[in-house]
């Protein structure tokens, strides 16, 4: 019973990530169709570049769907070494007055990885793709990573649960 709840929770994470990818792709396509009037035409990126970003999102959505299919048709049992789910946060620190501010630039959920290190490597590649850069260090100075802890009732932590990161 508990394994089933864990499996369902992983599916919820995948569906959430799928929704994010499809929403981002739709936003990119919308932006490519009608550039904003407030941005001078020469300052907005070419539609082909925007559509490339949309395609990258759709490729990631396809990977998520493939993973869900494997999980749902039983070809990948939950404890077959598929791995744990990780939340990878790309962070920056900057000074504001006399305070040091730490901000998350982007969070990437890795639904299944054999280790924390493997999850970080996959997230670095996705972050660079999503940001349109070659190296993640260009937009972030450090990474925080942790296992997404599942609650006994099958739910995931809320924001009040220390961002759901485990040591």
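The values are calculated or read from the model by the stated rules, or taken from the named source; none is laboratory data. As the structure is a computational prediction, the values presented were derived from the model and not from experiment. Every residue, glycine as well, gets a Cβ built from its backbone with ideal geometry; the counts of neighbours run over all protein chains shown.
Going residue by residue through region 56-68, is there one that turns out to be at pLDDT 90 or above and under 23 Å from residue 26 (Cα atoms)?
No, region 56-68 contains no residue that is at pLDDT 90 or above and under 23 Å from residue 26 (Cα atoms).
Suppose we keep only residues that are part of a strand (DSSP E or B) and either more than 16 Å from the chain's Cα centre (by Cα) or free of Cβ contacts under 8 Å to residues at least 40 places away in the same chain (or both) within region 105-141. Which one would you say is farthest from residue 84 (Cα to Cα)?
105
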